[in-house]
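Below: one structure, written as structure tokens.
A short reminder: the numbers here are calculations on the coordinates, not readings from a lab. Just so it is clear, the structure is predicted and the values come from calculations on it, not from any experiment. Please note: Cβ atoms are built from the backbone with ideal geometry, for glycine as well, and neighbour counts cover all protein chains shown.
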């Protein structure tokens with residue numbers, strides 16, 4: 001994964017799709033060119049309800065849509081800029097690295113996306129569900145409190161590409177199917193089998209669309225960035 005994705009749905013749409021309460025406080029909105037170091041929308045699970053919270057059944061975990069910064073900053077970091085080196089966590093090593101081990105066990109999130117971008121031979125491609133559905137990228141989040149303001153940041157887990165996606169890049173984000181969203185968000189659920197590579201059936205439903213070069217400029221945004229632009233020769 002090259003570090004760029006699209007999340008063009010409104011916050012209300014995402015809250016509905018993930019059955020989540022919106023807690024973003026309008027800190028971040030839709031974007032078709034989400035880049036590392038920026039605020040992103042992610043779904044997290046609230047802690048189990050306490051007895052003095054009658055609006056939440058005892059033991060339940062409510063999904064919340066939160067604004068996190070993309071690029072995980074560990075709690076012991078001296079400065080938040082270190083997050084620029086930790087936008088992704090490799091599924092092969094995520095359980096063993098101290099910086100990711102704690103979040104993997106206790107602080108998992110889902111990062112909603114319309115699709116993500118990859119570059120091949122300097123040409124960008126947009127990889128997106130062919131039915132227009134939303135993707136849930138596997139993520140981890142962490143809290144940092146050593147600055148003047150607390151910061152909650154995240155990383156996206158990547159895995160080996162499978163199927164046709166290998167023709168574009170050897171890596172891809174780990175995709176969590178809707179049937180397993182609750183398991184991924186629940187720290188009480190074992191995570192090992194959830195880290196399995198995305199299924200060929202899921203990948204088969206993804207379209208690979210060549211798009212224009214404007215997406216390479218992080219200052220550009222808009223739906224036009226994901227519009228298909230036929231390449232000089234057909235690859236897919």
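Most exposed first by the Cβ proxy, i.e. fewest other Cβ within 10 Å, how do 86, 202 rank? Write out the running numbers ahead of the final one.
Numbers: 86 22, 202 16.
Starting with the residue having the fewest Cβ neighbours, the order is 202, 86.
Would you please classify the overall shape of the range 120-236 from the alpha carbon gyration tensor, given that a ≥ b ≥ c denote the square roots of the eigenvalues, rounded means a/c under 1.5, and beyond that prolate means a/b larger than b/c while oblate covers the rest?
Judged from the Cα gyration tensor, the range 120-236 comes out oblate (a/c at least 1.5, b/c at or above a/b).
Do the sum for the chain: with -39,500 (n - 2.57) for every DSSP H run of n ≥ 4, divided by all residues, what is the mean residue ellipticity at 222 nm, to the nearest 500 deg cm²/dmol? Walk me through the intermediate numbers first.
On the way: 4 runs with 26 residues, N = 236.
Calculated at 222 nm, the ellipticity per residue is -2500 deg cm²/dmol.
Pairs of Cα atoms under 8 Å, at least six residues apart: use those to get the relative contact order of the chain, whole percent.
About 21 percent, as a whole number.
Which whole-angstrom value gives the distance between the alpha carbon centres of the range 164-236 and the range 82-107?
So the separation of the two Cα centres works out to 20 Å.
At a Förster radius of 25 Å, what calculated FRET efficiency corresponds to the Cβ-Cβ distance of residue 202 and residue 90, to the nearest 0.05?
Details: r = 19 Å, r/R0 = 0.78.
That gives a FRET efficiency of 0.80.
Normalised by the empirical 2.2 N^0.38 Å for globular proteins, what value does the Cα Rg of the range 75-147 take?
For the range 75-147, the normalised Cα radius of gyration comes out at 1.36.
Once the Cβ-Cβ distance between residue 23 and residue 106 is put in as r, and R0 is 30 Å, what FRET efficiency do you end up with, to the nearest 0.05?
It comes to 0.95.
Starting from the Cα of residue 192, step 7 Å along the direction of its Cβ; do the same at residue 131; then give the gap between the two resulting points in nm.
Using points 7 Å along Cα→Cβ, the separation is 3.2 nm.
Working out 0.36 nm times the residue gap between residue 167 and residue 227, then minus their Cα-Cα distance, what length gain in nm do you get to one decimal? Provide the component values of the computation, followed by the final result.
On the way: separation 60, 0.36 × 60 = 21.60 nm, distance 2.02 nm.
Fully extending the segment from residue 167 to residue 227 adds 19.6 nm.
Report which label in [x] 1.01; [y] 0.93; [z] 0.96 holds the value of Rg/Rh (Cα atoms, Kirkwood Rh) derived from the coordinates of this structure.
Only one option fits the structure, namely [z].
As an exercise, use a Förster radius of 35 Å and the Cβ-Cβ distance of residue 180 and residue 151 to find the FRET efficiency, rounded to the nearest 0.05.
0.80
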